[in-house]
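First the structure, in the form of structure tokens, and then the observations on it.
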Amino acid sequence: MKCSAHRQDGVDCQAQAIKGGTVCRVHGGSAPQVKQAAMRRLLEAVDPAAGELIRIALSGKTDQVRVQAIRELFERAGFGEPKRIDITLTDDVLDAEIARLEAELAANDL
């Protein structure tokens, strides 16, 4: 998409607009609020429900509402509650791994 701004002589700017934005970096695309709005537009295009969650996370009326929206976004992105993994290693497995690592270290010291 081309930048929607105009140069001082009235000619349309032909530069590429920033992703998700309507202007190039020279015409304001580098401004933090413009970058934030562009990112929001890109995310909203991917998933309209996620767009609403982003809006709530940024401007919810209470901390509780904002935190819940952020949690939902993390879950949608695959960063849900941490999973607990139990690993049980026997002495023979540990001894074999120690021997392998010692051999690897000895080989690299040559």
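The values are calculated or read from the model by the stated rules, or taken from the named source; none is laboratory data. Bear in mind that the values here come from a model prediction, so they are computed numbers and not experimental data. Positions of Cβ are backbone-derived with ideal geometry, glycine not excepted, and every protein chain shown enters the neighbour counts. With ligands, DNA and RNA removed, areas are computed over all heavy atoms of the protein, side chains included. Shrake-Rupley method; radii C 1.70, N 1.55, O 1.52, S 1.80 Å.
Here are a few things to note about the model shown:
- Annotation for region 38-53: no member residue is touching a Cys at 6+ places or on another chain (Cβ under 7 Å), under 30 Å from ASP12 (Cβ atoms) and modelled with pLDDT of 85 or more.
- Sub-8 Å Cβ pairs linking a first residue in region 9-28 that is of a type in the set (S, T, N, Q) to a second residue that is surrounded by 19 or more Cβ atoms within 10 Å (Cβ to Cβ), at least 6 apart or interchain, are GLN14/CYS3; GLN16/CYS3; GLN16/CYS24; THR22/CYS3, ordered by first then second residue.
- Where helices (runs of 4 or more DSSP H) sit wholly within region 1-96, those with at least 2 residues that are open to solvent by less than 50 Å² (accessible area, probe 1.4 Å) and touching a Gly at 6+ places or on another chain (Cβ under 7 Å) occupy 32-46.
- Figure legend. Inter-residue proximity from region 41-66: first residues without any contact (Cβ under 8 Å) to a residue 12 or more places away in the chain and polar (S, T, N, Q), second residues assigned to a helix (DSSP H, G or I) and loosely packed, with under 15 Cβ neighbours inside 10 Å, beta-carbon distance below 7 Å, spacing 6+ or different chains. No pairs are indicated.
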